[in-house]
Amino acid sequence: MAPMNGSYLPAGLPAPVPAAGDLDAEHWAAAARHELAVQRCNGCGRHQWGPEWVCHRCRSFDLGWAVVAPGGTIYSWERVWHPVHPALAEACPYVVVLVELPQAESIRMVGNLLGDPTAPVAIGAEVDAVFEDHPDGEPAYTLVQWRLRSAGA
Amino acid sequence: MASDERTIKGRAAIVGIGETRYYKRAQSPHPELRLCLEAIMAAADDAGLSVDDLDGFASYSNDRNDPSLIASALGIPELRFSNMVWGGGGGGGSAAVGNAAAAVAAGYADHVVVFRALAQGQFGRFGQAPPLRTVSGPMAYTMPYGLMSPAQMFAMRVQRFMHEHGVGQPALRAVALASYHHAQSNPRAIMNGRPLTPEAYDASRWIVEPFHLYDCCMENDGAAAVIVTSAERAADLRQPPAHVWAAAQGSAEGQALAAHNAPDYATSNFKTLAPRLYATAGVGPADIDVVQSYENFTGGVVMALVEHGFCAPEQVNDFFTPENLSAPGGRLPLNTSGGNLAECYMHGLELIIEAVRQVRGTSTSQVTDVELSLVISGPMVSPVSNLLLAATR
Ligand SMILES: [Zn+2]
């Protein structure tokens, strides 16, 4: 069972830091404020994830950020039984979900599905974002995790 | 053939194949470069060529053995062509042959070696996370969530494919069983003498659902090489040529977008390549006699064969049976050497060699009267590639 003392996965995984040129810095800064921010094109208004230097639809370089509603649906999932990182040696099984955001042209984000890692997972289930703070990370960071909407607050 | 016709069909052939002994991961007694040289010299010998005749080199997956070093080590008088296909995994395997064929068709070089060498004892291992304290860019959107290995990357795609089309676990199992079945008659195969039963597959541990242990490729040490020359030159050499009828490489839109955002997600990435390959060759799936399809993970093979038109997605559960996939009598004999799962994980170059053997009639699981032998390289990565070899020009 994955430990539930604050974070879904144990400490020891690498800390996310902004990409070169601060391309995605706003996403991580927003997560720390417990907001879900994704890139939005100022040219055509469409969202994209991950962040790019150019809009891959209208090819504008004028890209900004949008805070979107922190919810989505499970598009796919997997249950990991074999750890490939020392920090996860005792953490299996755990569940990784691919969540699509219908409010943002169904872009997708990877996260963990909080709760019992052995429970069945249903594609299409509605989920809400849970902002998981890692104040002891080097540097500190916040992950965007997911919880079944039916599980309640 | 008109020289202005833009096709590779009938203009090049594989005329030599060479391999080292295949070893379990990190068991090679020799460093990687030595293995590489050994395989290249074996391929020249098989073709009836002198090593002096070799004048070009093509590889893929960031092979560490630089053609300039190889040519110098072998004392090759003149290097005329060197080429690398970007991208990891086995996606560039057929593409490297396609590039070699293009080089001889264009007259850049006469005898181009396609090679791949792996010694994971000497170098790092696949499938293990790199030791990082921080992570940025695309990996930052997956790794902190525990998604970091190839198996974990591709399980997500295969799960979605299984969901969309009602595919059951036995379809994946059939791919593994076919590879292990064929390995039992192949003395080169690492898993020769270690047959796999459906019960053992079902009882094996999960790596990451929906992949059991036996859905995942091995990791091995060794080297393999093939030699490509012009169709005219091929006619004068020692072996029956495996003629290149078509080769394609590439990717559909957005397949490399970060964080699993490919617009068409539940795909092996062959939807654009398969029609291109068939159009070049002027054939269709019903004409193919035998298939070698790169197994990083079994689910990718299922998707790749669907996208090459061998069955509809809704027919997967009926089509993917060990009987249908087994040589010699199955409807679509698959991975007849044992492939990445049970022969050797030589990044799929061993599959290209097996496709040549099927054309020559020398496979240990030979299909009768092979005219067309298909190779599918690297499902679910970008770029991917494929190659159609034929017994006649
Ligand atoms: Zn735009």
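Odds and ends about this structure:
- B:ARG116 sits among other residues whose Cβ lies under 11 Å from its own Cβ, and their net charge, with Lys and Arg +1 and Asp and Glu -1, is -3.
- For the segment A:94-104, counting C-beta atoms of other chains within 10 Å of every residue's C-beta and taking the mean gives 3.
- For segment A:20-148, DSSP calls about 95 percent of its internal beta bridges antiparallel.
- Antiparallel content of DSSP bridges confined to chain B, in %, to 5: 75 percent
- Translational diffusion of the protein assembly as shown, estimated by Stokes-Einstein from the Kirkwood radius over alpha carbon pairs at 25 °C in a medium of 0.890 mPa s, is 101 µm² per second.
- Spin-label model distance (nm) - B:GLN27 vs B:THR134, 7 Å beyond Cα toward Cβ: 4.3 nm
- Solvent-accessible ranking of B:GLU232, B:GLU295, A:GLU138, largest area first, probe 1.4 Å: A:GLU138, B:GLU232, B:GLU295
- Treating r as the C-beta distance of A:SER150 and A:GLU90 and R0 as 41 Å, the FRET efficiency rounds to 0.90.
- Its Cα centre serving as origin, segment A:20-148 has a Cβ charge dipole (Lys and Arg +1, Asp and Glu -1) of approximately 480 debye.
- Inter-label distance, A:ALA32 to B:ARG331: 5.8 nm, where each label sits 7 Å from its Cα along the C-beta direction.
- Across all directions, the average flat footprint of the convex hull enclosing the Cα atoms of segment A:20-148 is 8.7 nm².
- Gain on full extension, evaluated as 0.36 nm per residue between B:ARG238 and B:ASP53 minus their Cα-Cα distance, stands at 65.2 nm.
- Residue-averaged [θ]222 nm for the protein assembly as shown, counting only DSSP H segments that reach four residues, each worth -39500 (n - 2.57): -7000 deg cm²/dmol
- log₁₀ of I(q)/I(0) at q = 0.10, 0.18, 0.21, 0.25 Å⁻¹ - segment B:72-173, Debye sum with one point per alpha carbon: -0.54, -1.04, -1.14, -1.32
- Area accessible to solvent at B:ARG125, 1.4 Å probe radius, in Å²: 110 Å²
- Zone residues, segment B:192-211, relative to B:GLU323, backbone N less than 17 Å from point 7 Å out along Cα-to-Cβ: B:198
- In nm, spacing of pseudo-spin labels at A:VAL54 and B:THR7 (7 Å Cα→C-beta vector): 3.4 nm
- Between the beta carbons of A:ALA140 and B:ALA200, assuming R0 = 56 Å, the FRET efficiency works out to 0.75 to the nearest 0.05.
- Using heavy atoms of the protein chains and a probe of 1.4 Å, the accessible area assigned to B:LEU49 is about 20 Å².
- Cα gyration tensor shape for chain B, rounded if a/c is under 1.5, else prolate or oblate: rounded
- At least 27 Å along the helix axis (C-alpha) and Kyte average at least 1.6, DSSP helices within chain B: none
The values are calculated or read from the model by the stated rules, or taken from the named source; none is laboratory data. Just so we're clear, the structure is a prediction, and the values are computed from it rather than from any experiment. Cβ atoms come from the backbone with ideal geometry, glycine included; neighbour counts cover every protein chain shown. All accessible areas refer to the heavy atoms of the entire protein, side chains included, with ligands and DNA or RNA removed. Shrake-Rupley method; radii C 1.70, N 1.55, O 1.52, S 1.80 Å.
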